[in-house]
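One structure is given here, and the rest of the page talks about it.
No value in this document is a laboratory result; all are computed from the given coordinates. Given the structure is predicted, the values throughout are model-derived calculations rather than measurements. In this analysis, Cβ positions are derived from the backbone assuming ideal geometry, glycine residues included, and neighbour counts consider all displayed protein chains.
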Amino acid sequence: MDYRITSYDDYRKKYDESVNNPEGFWADVASSFFWRKKWDSVLEWDFIKPEVKWFVNGKLNITENCLDRHLEGNGDKPAIIWEPNSKDEANRVISYRELHRDVCKFAAVLRSNGVKKGDRVCIYMGMVPELAIAMLACARIGAIHSIIFGGFSARSISDRLIDAGAAYMITCDGAFRGGKTIPLKDTVDDALANSPGVEKVIVFQRTHNPVSMIKGRDVWWHEEMTKVDEAELLPAEEMDAEDPLFILYTSGSTGKPKGVVHTTGGYMVYATYSFVNVFQVKQDDVHFCTADIGWITGHSYIVYGVLCAGCTSVMFEGIPTYPDAGRFWEIADRYKVNVFYTAPTAIRSLMAYGSQPIEGKNLDSLRVLGTVGEPINEEAWHWYDEHVGKKRCPIVDTWWQTETGGIMISNLAGITPAKPGFATLPLPGIQPVLMDEQGNVLEGNEVSGNLCIRFPWPSIIRTTYGDHERCRLNYFAAYEGMYFTGDGCYRDKDGMYRITGRVDDVLNVSGHRIGTAEVENAINMHTGVLESAVVGVPHDLKGQGIYAYVIMDVMPDDDAHTAADILQTVTRIIGPIARPDKVQFVKGLPKTRSGKIMRRILRKIAEGETRQLGDTSTLLDPDIVTLIAAGKK
Ligand code: WTA
């Protein structure tokens, strides 16, 4: 980890170097990894096409960096400490050696079931170590994993399976979450009814609830593992630096979720580099990231970055409030967690329980705290600082995205200054710019604009799976020669960055990204719905809530009942995370003459503003606004 930034001066120096000589800078960082063959050139790029290649013609396997590399000196060190949902069940401590063996064995299982390099494998599991084993086993043989968050519906799964052209799935019989048992395999079975392309499903047994196993298609994980001859384990597949490592679906402002593609070499280098520097990790650190592996945060900071750095990753199956709101703190004490990384929404929900669940907990192993996924409000920041960090742990507010692969703007714990509400400064290698609507770069400080990045970094999105034009249009077309993040941002007098939220039609509910168009499409599938419009509204716990305006062909007699039915449809089509908090039935929607819905007005009404709605003169039917604001249908 000789690329670790050690002081504020060092940060300045490295930042300048990364701008003046990016290739030299990244070659230095990359050289501390294990490559089967070194790259010919560091970077080739063109943001117009767009096309970006890092470590061109370098050969490697990421799992040799996550696992094999540590066996000699650290084989017995815990790689994963798994804390089950129930406190009555035993935990599991998996050493690097054991994880390596299980990954190699499961890689052999995948091969014997027909999976080859380049094949797409969808994974739909709860938070069990086998989820990490499954993804690493895919990477071991060069298959491209696409993990689907366990809260998504059958319909969302089949959309992703079809888009990725996946012939293989890995799942669990079920998952434990708090007091609930979630029947994952049943959901997969429903999904597969609509995606006949899947040939094989490997099922890990977790809950032992009854499941249907289809002959010729479904096999049990534990049975397959016993068939592997450990003496004949195959070596890792040699991958090109630019071979895809995984696809992860995320929401955009239009249409269905898009499959963000990350490649092997650049993603590995940046996930690890950012992990080491932002959290200032030390070799024997225990890192507890509370995200689900179904999101990018879990990919980079539970699995790849943490294991590449040779640290110990705590993986928690359950939820923060089960059996009580002291669970995170108990885990932190029990495993002597050094770095704790969570979302503001989790902090806010725990704050609501007061300080009692935290009293009596030691928390003295904690050294660094982090947040991710949404802006953190000052109240939550101070509570975190005082009650969890006891005012002695730096808090890193990390801004990044599925598309960026790793943390982009954040303070570096204890090295660069923190400022509540600010992600602060870019990591060396990251060149943010603020743009106005006309496409001008906003120079200087105390300016607000749309956040773009003007130079590639190693883990930048390469394409959206199966549709490169969509990638270009979404990220590279708004501002020529730049990557556009979709976020608004303010740069203060000291040059520090504060993320102000999405400027497109993407919502951020409890740190989860959801497209308004996706929710609208789901609502529109409900019988009797003619049209709908969805906007985000401030929400105390979730950050943002979902407010839906719905036009029915016949106005319901019982609003509450029909609204509940619509929520059920949204849950079925997308999943519970996309359920609107409020449904208002309306006669019409405020549209411009060209048919565009004026969400600005709907947002204001959702926030309770009924008078100052701004200019409505361009609307086709301005009276509709008065009706909606008065709650009339
Ligand atoms: C938002 C999650 C403010 C932002 C890693 C971004 C944040 C979107 C922060 C990406 C932060 C993420 N402060 N906003 N520290 N981190 N966001 O793809 O709007 O699930 O564009 O990646 O979350 O969400 P995604």
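For Q584, enumerate residues with amide H under 5 Å from its amide H, sequence gap 5+ or separate chain, H modeled in the peptide plane.
Long-range HN contacts for Q584: A548, Y549, V550.
Any chance you could get the radius of gyration and Dmax over the Cα atoms of segment 237-376, in Å?
Taking only Cα atoms of segment 237-376, I get Rg and Dmax of 16.6, 52 Å.
Give a quick list of GluC sites (Glu not before Pro) in segment 233-278 that DSSP marks as loop, anything other than H, G, I, E or B, with at most 15 other Cβ atoms within 10 Å.
Passing both the DSSP loop test and the Cβ count: E238.
How large is ³J(HN,Hα) for each residue in segment 465-480, as worked out from phi by the Karplus curve 6.51 cos²θ - 1.76 cosθ + 1.60 (θ = phi - 60°), to whole Hz, x for Gly and Pro?
The phi angles translate into 3, x, 7, 5, 4, 5, 5, 4, 5, 5, 10, 10, 9, 4, 10, 4 Hz.
Once you keep just the Cα pairs under 8 angstrom separated by 6 or more residues, what percentage relative contact order results for segment 279-372?
Reported as a whole number, the value is 33 percent.
With charges set only on the Cβ (+1 for Lys and Arg, -1 for Asp and Glu), what does the dipole of the chain come to about its Cα centre, in debye to the nearest 20?
Roughly 220 debye, rounded to the nearest 20.
Only sites in a loop by DSSP and with at most 12 other Cβ atoms within 10 Å count here; which GluC sites (Glu not before Pro) in segment 483-547 make the cut?
In loop regions of segment 483-547 (DSSP not H, G, I, E or B), there are no sparsely surrounded GluC sites (Glu not before Pro).
So which DSSP H runs in the chain come out at 20 Å plus along the axis (Cα) with average Kyte-Doolittle of at least -1.0?
Once both thresholds are applied, what remains is 96-112, 264-278, 559-573.
Can you tell me what percent of all Cα-Cα pairs in segment 580-633 are more than 15 Å apart?
Summing the P(r) tail past 15 Å for segment 580-633 gives 41 percent.
Going through segment 157-241, which trypsin sites (Lys or Arg not before Pro) have at most 14 other Cβ atoms within 10 Å and a DSSP loop state?
Taking segment 157-241 and a limit of 14 other Cβ atoms within 10 Å, the loop trypsin sites (Lys or Arg not before Pro) found are K215, R217, K227.
Report, as a whole number in µm² per second, the diffusion coefficient that Stokes-Einstein gives for segment 202-292 at 37 °C and 0.692 mPa s using the Kirkwood radius over alpha carbon pairs.
Stokes-Einstein gives a translational diffusion coefficient of 181 µm²/s.
In straight Cα distance, which aspartates and glutamates are under 16 Å from K14, not counting same-chain residues fewer than 8 positions off?
D2, E23, D28
Given R₀ = 45 Å, FRET efficiency for A231-R4 by Cβ-Cβ distance, to 0.05?
0.70
Sequence neighbours fewer than 8 away in the same chain don't count; with that in mind, list the lysines whose C-alpha is under 18 Å from K185.
K200, K215
Tell me the label-point distance for the pair L71, E443, using the 7 Å Cα-to-Cβ offset, in nm and rounded to one decimal.
Spacing of the two 7 Å Cα→Cβ label points: 5.6 nm.
Per residue of the chain, what 222 nm ellipticity follows from adding -39500 (n - 2.57) for every DSSP H run with n ≥ 4, rounded to the nearest 500?
Mean residue ellipticity, 222 nm, calculated: -7500 deg cm²/dmol.
What is the ratio of the Cα radius of gyration of the chain to 2.2 N^0.38 Å, with N the residue count, to two decimals?
0.95
Name the residue farthest towards the positive end of the dipole of the chain from the options T485, G179, Q438, assuming +1 on Cβ of Lys and Arg, -1 on Cβ of Asp and Glu, about the Cα centre.
Going by the charge dipole, the pick is G179.
State which entries of K87/K227; K77/K391; K105/K258; K391/K493; K282/K336 exceed 21 angstrom in Cα-Cα distance in the structure shown.
Listed pairs above 21 Å: K87/K227; K77/K391; K105/K258; K391/K493.
Take the alpha carbon atoms of segment 29-176, find their radius of gyration, then divide it by 2.2 N^0.38 Å using N residues; give the quotient.
1.21
Enter the per residue convex hull volume of segment 368-427, computed from alpha-carbon coordinates, in Å³ rounded to the nearest integer.
Expressed per residue, the convex hull around the Cα atoms of segment 368-427 is 71 Å³.
Just going by the charge dipole of segment 64-210, with Lys and Arg at +1 and Asp and Glu at -1 on Cβ, which of Y124, F152, G75 is farthest out on the positive end?
Positive-most Cα among the choices belongs to G75.
Could you size up the charge dipole of segment 335-411 around its Cα centre, putting +1 on the beta carbon of Lys and Arg and -1 on that of Asp and Glu, and report it in debye to the nearest 20?
360
Tell me the label-point distance for the pair R217, S41, using the 7 Å Cα-to-Cβ offset, in nm and rounded to one decimal.
Going by the 7 Å Cα→Cβ label model, 4.8 nm.
Ordered by residue, what ³J(HN,Hα) values in Hz, to whole numbers, does segment 501-513 give under the Karplus form 6.51 cos²θ - 1.76 cosθ + 1.60, where θ = phi - 60° and Gly and Pro are x?
x, 5, 9, 10, 8, 10, 9, 10, 9, 6, x, 9, 7
If you wrap a convex hull around the C-alpha atoms of segment 401-469 and split its volume per residue, what is the figure in Å³?
128
Once amide H atoms are placed 1.01 Å from N in the peptide plane, what residues at a sequence separation of 5 or more from T181, or on another chain, have their amide H within under 5 Å of its amide H?
none
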